[in-house]
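These notes concern the structure reproduced below.
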Amino acid sequence: MSRTDAPRAATVRVPAKVNLALRVGPPDPDSGYHPLATVFHAVDLCDEVTVRRARSTSLQVTGPFREGVPADPTNLAWRAAELLRENYARTCGVRRPSPVAITLEKNIPVAGGMAGGSADAAGVLLAANELWGEELTPLDLQDVAAELGADVPFGLMGGNALGLGRGDELSTVLSQGELHWVFCVATAGLRTPDVYRELDRQLGWDGPPTPETSAARTAAPEPPQELLQALRTGDPHEIARHLENDLQAPALALQPGLQATLDAGREVGAVTGLVSGSGPTVALLCESREHAIDVSVGMAALRPEIQVFTATGPAPGARVVDTRH
Ligand code: ATP
């Protein structure tokens, strides 16, 4: 049943992510997709997504990381609004709901390996569903999210999650306490497909499989059990021992300067550092909130050209923070 008191506008806050483990298997010969075993961790660095009823779909981008974000139908947030409208017509048997004017406040670095575009798409799904009378259930929204991209379902879910398949088969991961981070944003972004292409090149996955390699090339990566156990202890030093990212080597090959950022992180006392997802953002793990502030100050002094900010996880997934009637 539609709600008669549905709002005119809704604002959703949606978190960035870092992959605490990212294991990548060889690409499927038919689809070209790499099977993943990953542990997503949402941090309290959030984009804010507002949707309002409008005559036609539109998009405005504000905030510190607005540069380079397309304000047109190629934006994943715009595609999310259109796909949800079609789903309303299909799933609920109702006329397509009114279009929405979308405003994105970009606080998540763009093309930084923190899934900012996916976060915005998740935000639009939740906000537009609120506007259109909450006809779709959280499970329906997860299905629409998976159609938009592998990282979008996690934007809705948040917390810590194990992601299998293309990263969109999610299950909750138990953890204790909070993790404190310093994120170092590189000046130039990295395109995710380029990083996967470099991984394929490094591992010899870019040619046809030979009889020797074909068995290995059908194997999906195993979930990182030791990391999952370490997360239950909540001890950052124990967790640090099990952080891993198969995309780090290719990201470093494409942006060799990232090694200096990782080295600087160690020099200023971070517990450890790793490239976030496909990079080039570097995530430095710290012992506490205070330690993260010290590390960020140290990084700003040592590498003043790099933008740094602190964040804490696990953060909740997309949530409605404001509605206007
Ligand atoms: P991932 O971690 O999922 O690989 P990312 O954080 O590296 O993603 P995004 O910030 O999501 O990368 O953006 C990648 C590219 O997608 C951008 O360069 C931009 O051209 C395009 N894009 C489309 N929609 C958005 C959006 N809402 N916000 C940012 N970029 C977007």
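The values are calculated or read from the model by the stated rules, or taken from the named source; none is laboratory data. Keep in mind the model is a prediction, meaning the values are calculated, not measured. Please note: Cβ atoms are built from the backbone with ideal geometry, for glycine as well, and neighbour counts cover all protein chains shown. Surface areas here come from the heavy atoms of the whole protein model, side chains and all, with no ligands, DNA or RNA. Shrake-Rupley method; radii C 1.70, N 1.55, O 1.52, S 1.80 Å.
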* Answer yes or no as to whether Glu222 is closer than 21 Å to Cys46 by Cβ and open to solvent by 50 Å² or more (accessible area, probe 1.4 Å). => no
* What is the number of the single condition among (1) within 22 Å of Arg8 (Cβ to Cβ); (2) assigned to a helix (DSSP H, G or I) that Thr91 does not meet? -> (1)
* Selection status of Leu228, within 22 Å of the chain's Cα centre (by Cα) and either open to solvent by 50 Å² or more (accessible area, probe 1.4 Å) or aliphatic (A, V, I, L, M) (or both) -> yes
* When Asp168 is evaluated against the numbered criteria (1) at pLDDT 95 or above; (2) buried (at least 18 other Cβ atoms within 10 Å of the Cβ); (3) in contact with an Asp or Glu (Cβ under 9 Å, 6 or more places away or on another chain), which criterion, by number, is the only one it fails? -> (1)
* Looking at (1) within 12 Å of the ligand (Cβ to nearest atom); (2) open to solvent by 50 Å² or more (accessible area, probe 1.4 Å), can you tell me which one Arg201 breaks? -> (1)
* Among the residues of the stretch 129-142, is there at least one that is modelled with pLDDT of 95 or more, out of contact with any Gly (no Cβ under 6 Å at 6 or more places or on another chain) and aromatic (Phe, Trp, Tyr)? -> no
* Can you name every residue in the stretch 105-156 that is part of a helix (DSSP H, G or I), more than 7 Å from the ligand (Cβ to nearest atom) and of a type in the set (D, E, K, R)? -> Glu130, Asp140, Asp143, Glu147
* Structure fact -> Note on Pro193: of the conditions (1) in contact (Cβ under 8 Å) with a residue 12 or more places away in the chain; (2) open to solvent by 50 Å² or more (accessible area, probe 1.4 Å), unmet is (1)
* **Scope the stretch 282-314; condition open to solvent by less than 50 Å² (accessible area, probe 1.4 Å) and within 16 Å of the ligand (Cβ to nearest atom); matching residues** => Val282, Ala283, Phe309, Ala311, Gly313
* Of Gly317, Gly273, Gly279, which residue is on the phi > 0 side of the Ramachandran plot and crowded, with 19+ Cβ neighbours inside 10 Å? -> Gly279
* **Residue among Gly273, Gly317 that alone is within 16 Å of the ligand (Cβ to nearest atom), modelled with pLDDT of 95 or more and within 22 Å of Pro15 (Cα to Cα)** => Gly317
* Structure fact -> Checked the stretch 13-25 for anything open to solvent by 10 Å² or more (accessible area, probe 1.4 Å) and either away from the ligand (no atom under 14 Å from the Cβ) or among the small types (Gly, Ala, Ser) (or both); matches are Arg13, Arg23
* Asked: Would a scan of the stretch 106-124 turn up a residue that is within 30 Å of Ala220 (Cα to Cα), open to solvent by 40 Å² or more (accessible area, probe 1.4 Å) and in contact (Cβ under 8 Å) with a residue 24 or more places away in the chain?
  -> yes
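Conditions (1) among the aliphatic types (A, V, I, L, M); (2) over 16 Å from the mean Cα position of the chain (by Cα); (3) closer than 16 Å to Leu36 by Cα; (4) in a helix (DSSP H, G or I), marked per residue:
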{"position": "Leu174", "(1), (2), (3), (4)": "yes, yes, no, no"}
{"position": "Leu199", "(1), (2), (3), (4)": "yes, yes, yes, yes"}
{"position": "Glu222", "(1), (2), (3), (4)": "no, yes, yes, no"}
{"position": "Leu252", "(1), (2), (3), (4)": "yes, yes, no, yes"}
{"position": "Pro256", "(1), (2), (3), (4)": "no, yes, no, no"}
* Asked: Can you tell me which residues in the stretch 77-104 are within 14 Å of the ligand (Cβ to nearest atom) and crowded, with 21+ Cβ neighbours inside 10 Å?
  -> Ala77, Trp78, Ala80, Ala81, Ile102, Leu104
* Inspect all residues belonging to the stretch 40-53 and state whether any of them is touching a residue at least 60 places away in the same chain (Cβ under 8 Å), over 30 Å from Ala249 (Cα atoms), surrounded by 21 or more Cβ atoms within 10 Å (Cβ to Cβ) and within 11 Å of the ligand (Cβ to nearest atom). => yes
